[in-house]
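Readers should treat all values here as calculations from the given coordinates under stated rules, not as data from a laboratory. As the structure is a prediction and not an experimental result, all values here were calculated from the model. Here Cβ is always computed from backbone atoms with ideal geometry, including for glycine, and neighbour counts include all displayed protein chains.
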Amino acid sequence: MSIFHRSLLDVDSLTPENIELLFHRAHQFSTRGYPEMKFTSTRPLVALLFFEPSTRTRFSFKIAAKRLRFSTVVLDDLASTSMRKGETLADTVLNVEAMGTDALIIRYGEDTELTDLLPKLKTPVISAGQGKISHPTQALLDAFTIRQELGQMKGQKVLIVGDVAHSRVAASNIKLLTRLGAQVGIAGPENLLQLPQSLSTNVEVFDLDDGMRWASVVMALRIQLERFETGLKDAVKPHQYAERYGINPKRLEAFSARGLILHPGPVNQNVELDSAVFADPRCRILQQVSNGVFMRAALLYETLIADRMVLDA
Ligand code: CP
């Protein structure tokens, strides 16, 4: 029975051994391909429940499941569900589980409820991003990309730029990267840098240009207008943001020649990232996306592999 046969809502619940195992497995999948799997009974069934839009996370979990020969069902068109008739999210998840799922991959926009739901579920839940609070698989794939490219995490200086306050990616990354020995800095408009104390104590706030000189990795974040309160929306104008905080070729002149440029996506082109940055040899944004499949396959494999599955050699 897999040691992972349980839920993953954020990176806190992962032990150092779990993290190393996921890195090892993702590396194996990326370099040697996926294992040939034979199933002694029915294939594991993974339900993807996306209560918020997604391209990368939704597709990479689905592709990862396909690579492992798991079956998937997807609920992402909320207008076609009985939530339109007033059914709650919790009841929707419980009903899908009652149909016989082996794992639930859930993306959810609010900051609560998923945690409350967990004790009522028998199958593992993997968060595909929850509110502003967590996006554990994004942090894992980001850390994997940094290690893959720079060799080790210890001693890296990761500058997260932009809308840190609304970012579940930043929240999970601050926890994971600092645990793995990196230093994390943040830069951006002051009103987008607020963090809960549990996270802010682990980061240093930088002026952007100073931060660019300091960092070995720069991770730009999307301005998440959909999570802004009205007043804040009026205060952040995309063209002004691009000028003051956008990552562009001029700013990158101060950045390490061996550094990495990351972004979790989706990108607001020419807002947080100048479109020319995609051609910079330090840019690894699409590699993050490819690694998302390997890392999610690693997690599904470690979560669901059990004695009912037999692996070839
Ligand atoms: N990075 C990320 O979560 O992208 P999606 O919203 O497209 O899944």
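Things worth noting here:
- Kirkwood hydrodynamic radius of the stretch 61-115, Cα pairs, Å: 12.7
- Rounded, prolate or oblate (a/c below 1.5 giving rounded, otherwise prolate when a/b exceeds b/c) for the stretch 209-287 by Cα gyration tensor: prolate
- The ranking of His166, His27 by Cβ neighbour count inside 10 Å, starting from the fewest, reads His27, His166.
- P(r) tail, the stretch 104-173: Cα-Cα pairs separated by more than 18 Å, 47% of all pairs.
- In plain terms, if you count all Cα to Cα distances in the stretch 88-144 and split them into 10 Å steps from zero, the share in each step is 22, 54, 22, 3 percent.
- The stretch 74-134 and the stretch 190-263 have Cα centres separated by 31 Å.
- Diffusion of the stretch 245-287 by Stokes-Einstein, at 25 °C in a medium of 0.890 mPa s and with Rh set to the Kirkwood radius over alpha-carbon pairs, works out to 234 µm²/s.
- Binned Cα-Cα distances of the chain, short to long, each 10 Å bin given as a whole percent: 6, 27, 33, 23, 9, 1
- In order along the stretch 188-202, the phi-based Karplus estimate (6.51 cos²θ - 1.76 cosθ + 1.60, θ = phi - 60°) of 3J(HN,Hα) comes to x, x, 3, 6, 10, 10, 5, 9, x, 4, 4, 9, 5, 5, 9 Hz; Gly and Pro are listed as x.
- Calculated on the Cα set of the stretch 27-75, radius of gyration then Dmax: 12.4, 35 Å.
- Residue of Ser275, Ser30, Ser82 that the Gaussian network model of the chain assigns the largest fluctuation, springs spanning Cα pairs under 10 Å: Ser82
- At 1.002 mPa s and 20 °C, Stokes diffusion of the stretch 142-273 via Kirkwood alpha-carbon radius, µm² per second: 145
- Highest-fluctuation residue, Ala64, Ala276, Ala128 considered, GNM on the chain with Cα pairs under 10 Å: Ala276
- Within the listed set Gly292, Gly33, Gly162, the Gaussian network model of the chain (springs between alpha-carbon atoms below 10 Å) gives the highest mean-square fluctuation for Gly33.
- Share of pairwise Cα separations in the stretch 25-168, more than 22 Å, in percent: 48
- Helical contribution to [θ] at 222 nm, DSSP H n ≥ 4, -39,500 (n - 2.57), averaged over the chain, rounded to 500: -11000 deg cm²/dmol
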